[in-house]
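K.L.:
Pasting in a structure now, in structure tokens, and then I'll have a few things to ask.
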Amino acid sequence: MRADGLFAMLDRWGRWALPGTVLLFFVLLTLAPLRAPYLSGALPLLPALVVFQFSLATPERLPGPLLLAMGILLDLLLGGPGAPVGVSALGFVLIRAAVINNRRYLVGVPFLFQWFGFCLLAWGYVVLVWFFTALWTWTAIDPVPAMMQYVVVVVIYPLLAPLLARVRARDPLNVPDESRGTARPGETTS
Amino acid sequence: MAIRDDFEVVASQVRTVVQRFALGLLVIAAFGAMLVGKADSVLVEHARVLALDLASPVLEAIARPVAAANRAIADLKEFASLREENARLREENVRLLAWQTAARRLENENVRMRDLANFREGPEASFITARIVGDSVSAYVRGALLNVGRRAGVASGQAVVTGEGLAGRIAEVGENSARVLFVTDVNSRLPVLIERTRERAILAGDNSPQLRLTLLQSVAGVQRGDRIVTSGDGGSFPVGIPIGEVVDTGEGSVRVRPFADFSRLEFVRVVDYGVTGLVSGGPAPSAPPAGIRVR
């Protein structure tokens, strides 16, 4: 760790900053006027995907307060008169907590399990956002567009997740202890 | 050995408690933000405008490549149906030429009638052309971000039009950015006229591609194909901007298809009608508008 050269330092900083930067990029991409059918509709859910994937790989580099700030920024940018500001933040924080508490089912398991886990958590996220938006604006919002978003983002997951998972390539198993699951070596069930 | 194990157990328990506490704090903070937003909408409005102004240069930088990608996608789609499209356009051209003749004759007639009746025109509108740099389209909002703001003379409540018709109105204004709320948004309510019968109504969005016509005195008088235009009630919109046409007159609910094609908007025009503030109370532009204002 000592006597780092400039590049080593940059490397370390870069690695720490990467998840946050990628998340910020996807938050801004939410607003990009992309007109590809279906895909553009699912853009608002991509930050949640990023949060899920990075919480799997390197949760310590995506701390809760950062997620809170990003979620509030997303809500401010996405707008909508009367829509709750902070509901995405709540969703992000809960996704991170859910992933960390279920690492033993989600990390080091076949990809299909991760996909399944994402399906469950994204479902929770979509329902949460829909519920609070409906509550805050006090209107019965048609849930079908939200369902469409959900379906598209679930389909996109296998395309995007492996790309994001590469952030782990440099340190495959060097995850610090506090972010690892509570399972001890050899333990399979609780 | 036993002491060390005990220590580890206690340490891990403390760690768990702290972690759980941290989650609780974060959740409380998120709820707090939501409640503050509900209680103090002015503060949230300011925060939104600030976020918009900060994000708009970044969005503008990525808007061009995104627009290029969109054009490529649209081109590919059009290649597939070039022949049919050409035939359709030729036919439409013939029809439009006939209309043009009719319009010229009517315009002449109109001018003469106005001279006769000493008719006073409404305030003249001027236009501010803007590029769409961001979509704020999700399952809950239908809108877009523009690269012009207060500095160019944009004010809250102004109409936003495309070549085809009304797209929406300005909802929030920053220094160099503004947010449009499309007519299809669930929060959009417009005073309108049915062009054929001159009957007044309210046109409401519900986040679906079509609009809903409500508050009609008589639903029976509406026919499929009727054009809906702005009525100018409320004062901030010019009279007679086309919005859409009636496509469905089912039991009690009249559906309207907007003329503006929201899936391929790239540039829009903000109509500065001189009269603002009646709808949303935004401050009138203080500095003389500069830059991209055209007549």
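The values are calculated or read from the model by the stated rules, or taken from the named source; none is laboratory data. All figures in this text were calculated on a predicted structure; none of them were measured in a lab. FYI the Cβ positions are ideal-geometry reconstructions off the backbone, even for glycines, and counts take in every protein chain you see. These area figures cover heavy atoms from the full protein model, side chains too; ligands, DNA and RNA do not enter into them. Shrake-Rupley method; radii C 1.70, N 1.55, O 1.52, S 1.80 Å.
K.L.:
Using the Cα centre of chain B as the reference point, and only Cβ charges (+1 on K/R, -1 on D/E), how large is the resulting charge dipole? Debye, rounded to the nearest 20.
P.N.:
500
K.L.:
Still on this model: Among B:ASP206, B:ASP75, B:ASP233, determine the one that fluctuates most according to a GNM of chain B built with springs between C-alpha atoms less than 10 Å apart.
P.N.:
Result for chain B, Cα springs under 10 Å: B:ASP75 fluctuates most.
K.L.:
Around B:VAL183, what is the net charge, scoring Lys/Arg as +1 and Asp/Glu as -1 over all other residues with Cβ under 10 Å from its Cβ?
P.N.:
It works out to a net charge of +2.
K.L.:
Restricting to DSSP H runs of at least four residues, report the calculated mean residue ellipticity at 222 nm for chain B, -39500 (n - 2.57) per run over all residues, nearest 500 deg cm²/dmol.
P.N.:
-14000 deg cm²/dmol
K.L.:
Choose one answer from B:VAL49, B:VAL256, B:VAL111: the residue with the largest mean-square fluctuation in a GNM of chain B with alpha-carbon springs under 10 Å.
P.N.:
Comparing B:VAL49, B:VAL256, B:VAL111 in a Gaussian network model of chain B, the most mobile one is B:VAL111.
K.L.:
How much FRET efficiency would the formula 1/(1 + (r/R0)^6) give for B:SER12 and A:LEU159, where r is the Cβ-Cβ distance and R0 is 41 Å, rounded to 0.05?
P.N.:
The pair B:SER12/A:LEU159 has a calculated efficiency of 0.60.
K.L.:
Give the ranking of B:ARG212, B:ARG64 by solvent-accessible surface, highest area first, calculated with a 1.4 Å probe.
P.N.:
From most accessible down to least: B:ARG64, B:ARG212.
K.L.:
If DNA, RNA and ligands are ignored and the probe is 1.4 Å, what is the ranking of A:PHE131, A:PHE7, B:PHE21, A:PHE26 by accessible area, most exposed first?
P.N.:
Largest accessible area first, the residues go A:PHE7, B:PHE21, A:PHE131, A:PHE26.
K.L.:
If you don't mind, there's one more thing I want to ask. Dipole of the range A:6-170, Cα-centred, from +1 at each Lys and Arg C-beta and -1 at each Asp and Glu C-beta, to the nearest 20 debye?
P.N.:
With Lys and Arg at +1 and Asp and Glu at -1, about 580 debye.
K.L.:
While we're looking at this one, here's another question. Where is the GNM fluctuation largest for chain B (alpha-carbon springs, 10 angstrom cutoff): B:ALA80, B:ALA102, B:ALA130?
P.N.:
Among B:ALA80, B:ALA102, B:ALA130, the largest GNM mean-square fluctuation belongs to B:ALA102.
K.L.:
Ranked from the most accessible area to the least, with a 1.4 Å probe and all protein chains present, what is the order of A:ARG61, B:ARG169?
P.N.:
The ordering from most to least exposed comes out as B:ARG169, A:ARG61.
K.L.:
So, one more: Considering amide H positions built from the backbone, and no H for Pro or chain starts, which residues 5 or more places from B:SER231, or on another chain, come under 5 Å of its amide H?
P.N.:
Those qualifying (amide H under 5 Å, at least 5 residues apart or on another chain) are B:VAL192, B:LEU193, B:GLY240.
K.L.:
Then there's this: Along its principal axes, what span do the Cα atoms of chain B show, with the longest given first and each in whole Å?
P.N.:
The principal-axis extents, from largest down, are 104, 50, 46 Å.
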